[in-house]
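Every number in this text was worked out from the coordinates using simple rules, so none of it is lab data. Since this is a predicted model, take the numbers as computed values, not measurements. Positions of Cβ are backbone-derived with ideal geometry, glycine not excepted, and every protein chain shown enters the neighbour counts.
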Amino acid sequence: MTTSAGIAYADPVKDALHRDLDSVLWVVCGGTATGGPAYAAELHPERQKTAMEGLLCAVCKAPAARDERGMLWILPLLDDATDLILEGVRTAVPPMCQSCAEKAPRLCPVLRDGHVELRVHEAEQIGVRGTLYPRPGEHGTPDPDALVLYDSRDLPFVVARQVVRELRRTTVVAFAAAVT
Ligand SMILES: [Zn+2]
């Protein structure tokens, strides 16, 4: 759809990167080791919004871990993505606290397939992801997974599901390849 194509995907390389990351990133694992992990394909919108806006842990809602390198983020990796450019990556996954960051890769099948641990100095809220509807009088079908930036003229036409932040001044702390 032209409306969504014009919003945030000017750079085809970034486009692919974000779409891939976002679709995988949305599998966030909660639960505990003892109670049996609960895997959610997507955080509940209310929970995502609370954690993302407040920079709280995606799993347990404690404040996200911070140190001199910035805030802690764990993102799943796709395939053999060791040369992945993580500066400026846009994500709908909230950060994590230290204790969940240590447990999550063991409990979460998506993270077990490979993940990267980042420290992030800047994580500006840049927009939302949600369903973008055609303007009145326009033809076309709703786009169920559109990234709409806050300064976009499309903003009034989106039903947001997720808050999206852009991660900058990132430091890669560790890469973990898939455990086979
Ligand atoms: Zn936590």
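Rounded to two decimals, the Cα-based Rg/Rh of region 133-173, with Kirkwood Rh, is 1.14. Extension gain, C60 to I126: 0.36 nm times the residue separation minus the Cα-Cα distance gives 21.4 nm. As a rough guide to protection, the peptides 57-69, 103-115 ranked by mean Cβ packing within 10 Å, highest first, stand as 103-115, 57-69. Taking region 114-140 and a reference point 7 angstrom along Cα→Cβ of A176, the backbone N atoms nearer than 16 Å belong to 114-119.
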